[in-house]
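J.: What follows is a structure written as structure tokens; I'll ask about it next.
What follows draws every value from the coordinates through simple rules; no lab data is involved. Quick caveat: nothing in here was measured; it's all calculated off a predicted structure. In this analysis, Cβ positions are derived from the backbone assuming ideal geometry, glycine residues included, and neighbour counts consider all displayed protein chains.
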Amino acid sequence: MADSSRHRVVVVGGGFGGLQAVQALADGPVEITLLDRRNFHLFQPLTYQVATGALSPGEIAYPLRAIFTGRENVRVLLGEVARLDLDGRRIELRPVAGVSVPDSLPYDSLIIAGGSQYSYFGHDEWREHAAEVKSLESALIVRSRILSAFEAAETAPDPDARSAWLTFVVVGGGPTGVEMAGQIAELARDTLEGDFRSIDPRSGRVLLIEAADRLLTGFPPSLSARAAQSLIRLGVTPMLSHAVVDIDAEGVAIEGHGDDREGAGQRRRRIAARTVVWAAGVAASDLAAELGRLTGGELDGAGRIAVQPDLSLPGHPEVFAVGDMVRVRRLDGSVKTFPGVAPVAMQQGRHAARTIRARLDGRPTYAFRYRDKGNLATIGRGAAVAEIKRLRLSGFVAWLTWLVVHLWYLVGFQNRVLVFLRWAFSFANHGRGARLITDPVAQAEGRPPRLDLGEAEAQDLRRPGERQRASGPPPAK
């Protein structure tokens, strides 16, 4: 039973930032409630491996309740924010998947780690045709779409139809796009070799579209060039200086003037492709906009709210926001935007927790300071790029570094062991054991998997005529 005399902390979001905040507070004189619309913590950096059959969902997700077993001052609730009452220090709740929740949660301190979602740059109609891999649900849909494409190509009636099914477009040349393109190419050219009778999966095209003039713009140009070379060796075609201008069920339209091998010099053209993966641009959780409305906080073009140097909100020092949904105001008044990566959210979550504990102890608090530990991106089997401080690595050494870092940050000893064994087995025999098409709605309707799976599995299994698109704020990270 909760001790009502203790300081009450509510944490919204069980992603990297929220999880680290709870762990840093759990041994303090506080009562903590962790609220998320999922009952698990997701290791987002590896969702693309679920999307390509390299890992299973349970290997990169861990139940939130299991993380805090034995912590009697930590309560986990399945639900989502319906309304924020900052003046009354209370959150009104909305149930998820029919699970009842309290009408509201009072708090003394509040940490919001709502995360982010992919931005389609004002073209939300593209979402139906271009899936993303930020959530576990959407990663499973991408996996089904990719595998379904090979199945459809096997029975395609003519060469044009077969070519469209065997063309895979990845939009966005950041780490997720690079990793996704490399994994699809390995799947087609390595894993699936010999699995089909009418098609050769190795004939498939993987196109990586990036509006900038190089991939991985957050890395030094030399590492970007090495990543591009590694992708080309895998069979990926990087299409630099190209922008997507339309997406539908039959393909994509692009504009650009890059020097790719897919028709250099053409200003606007259409690519027939039945599978498109979106990995370009992010927007903050809608909770950031709500906080901005309530506090007058400044929002940028991606919807991120500017927080104080200690990560609290203007006029509400008891409320903290962390992770992808924030920018941080420096002591000199300038505003700093940090990379949307897990280490930033983790460090900010710990900083918010330390600030709360320092206030309770009567100790001074400090401005947030990010300690950059470097960047990592994997391209394929035994190939990656890494920038760690002043050290720049590529190839097999960078890949080993990437592997160790990701195993280290996975939550749960069992998950670390399972992922290590899976990777070791895949490295030895080039296999992917999770190549499953698992969209029951698509199978019932006799169509390729769509993106509208995943509000709740029970709802998605309704008859096609009874399904309707649910509404509400995006899931907490």
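J.: Which one is right for this structure if mean projected area of the Cα convex hull in nm² is calculated from it: (1) 25.0; (2) 27.9; (3) 23.2?
T.: (3)
J.: Here is a further query. If amide H atoms are built 1.01 Å from N in the plane of the peptide, which residues on other chains or at least 5 residues away come under 5 Å of the amide H of LEU55?
T.: Residues meeting the criterion, in which the H sits 1.01 Å from N, are VAL50.
J.: Also, I was wondering about something else. Around THR176, with a cut-off of 11 angstrom between Cβ atoms, what is the net charge of the other residues, counting Lys and Arg +1 and Asp and Glu -1?
T.: Numbers: positive: LYS134; negative: GLU132, GLU179.
That sum, taken over residues with Cβ under 11 Å, equals -1.
J.: A further question follows. Want the number for ARG269 to ASP160: 0.36 nm per residue separation, take away the alpha-carbon distance, what's left?
T.: Working: separation 109, 0.36 × 109 = 39.24 nm, distance 1.66 nm.
Result for the pair: 37.6 nm of gain on full extension.
J.: Right, here's the next one. May I ask you to compute the full-extension gain from ALA225 to ARG6, defined as 0.36 nm times their residue separation minus their alpha-carbon distance, rounded to one decimal in nm? Don't jump to the answer; show the numbers that get you there.
T.: Numbers: separation 219, 0.36 × 219 = 78.84 nm, distance 5.46 nm.
Extending this stretch completely gives an extra 73.4 nm.
J.: Please report the relative contact order for the chain, taking Cα pairs under 8 Å with a sequence separation of at least 6, and give it as a percent rounded to a whole number. Mind showing how you got there, number by number?
T.: Numbers: 998 pairs, mean separation 94.6, N = 477.
Value for the chain: 20 percent.
J.: Something else about it: Multiply the residue separation of ASP195 and GLN414 by 0.36 nm, subtract the distance between their alpha-carbon atoms, and state the gained length in nm to one decimal. Mind showing how you got there, number by number?
T.: Working: separation 219, 0.36 × 219 = 78.84 nm, distance 3.16 nm.
Result: 75.7 nm gained on full extension.
J.: Taking the mean number of other Cβ atoms within 10 Å as a proxy for protection, how do you rank 305-318, 31-44 from highest to lowest?
T.: Numbers: 305-318: 19.4, 31-44: 22.9.
Answer by packing, highest mean first, reads 31-44, 305-318.
J.: Could you order the peptides 280-287, 148-155 from most to least packed, using the average number of other C-beta atoms within 10 Å per residue? Working shown, then result.
T.: Details: 280-287: 22.1, 148-155: 18.1.
Going by the mean number of other Cβ atoms within 10 Å, highest first, we get 280-287, 148-155.
J.: Can you work out ³J(HN,Hα) from phi for every residue in region 286-300, in order, using Karplus 6.51 cos²θ - 1.76 cosθ + 1.60 and θ = phi - 60°, giving whole Hz and x for Gly and Pro?
T.: Taking θ as phi minus 60°, the curve returns 4, 5, 5, 5, 5, 5, x, 5, 6, 10, x, x, 7, 10, 9 Hz for region 286-300.
J.: Nearest 10 degrees, 0 to 90: what angle lies between the long axis of helix 16-25 and the longest principal axis of the chain (Cα atoms)?
T.: Computed tilt is about 30 degrees.
J.: Which order do ASP160, ASP248 fall in if you start with the one that has the fewest other Cβ atoms within 10 Å? Numbers along the way, then the final one.
T.: Numbers: ASP160 10, ASP248 14.
Fewest-to-most ranking of ASP160, ASP248: ASP160, ASP248.
J.: Turning to a different aspect of this structure: Please find the FRET efficiency linking ARG363 to THR217, where r is the Cβ-Cβ separation and R0 is fixed at 30 Å, and quote it to the nearest 0.05.
T.: Taking R0 as 30 Å, the efficiency between ARG363 and THR217 is 0.15.
J.: Rounded to the nearest 0.05, what FRET efficiency is calculated for LEU391 and ARG127 with R0 set to 45 Å and r the Cβ-Cβ distance?
T.: Details: r = 39 Å, r/R0 = 0.86.
So, using R0 = 45 Å, E works out to roughly 0.70.
J.: With each pseudo-label sitting 7 Å past Cα toward Cβ, what's the VAL405-ASP103 distance in nm, one decimal?
T.: Output for this residue pair reads 4.9 nm.
J.: At PHE425 and GLU298, where each label point lies 7 Å from the Cα along Cα→Cβ, what is the point-to-point distance in nanometres?
T.: Each label point is offset 7 Å from its Cα along the Cβ direction, giving 5.3 nm.
J.: Evaluate the relative contact order of region 124-280 (contact order divided by residue number), counting alpha-carbon pairs under 8 angstrom at least 6 apart; express in whole percent.
T.: Numbers: 303 pairs, mean separation 46.2, N = 157.
With pairs under 8 Å counted, the relative contact order is 29 percent.
J.: Right, here's the next one. Any idea what angle helix 413-429 forms with the longest principal axis of the chain, computed on alpha-carbon atoms, 0 to 90 degrees, nearest 10?
T.: For helix 413-429, the angle is close to 10 degrees.
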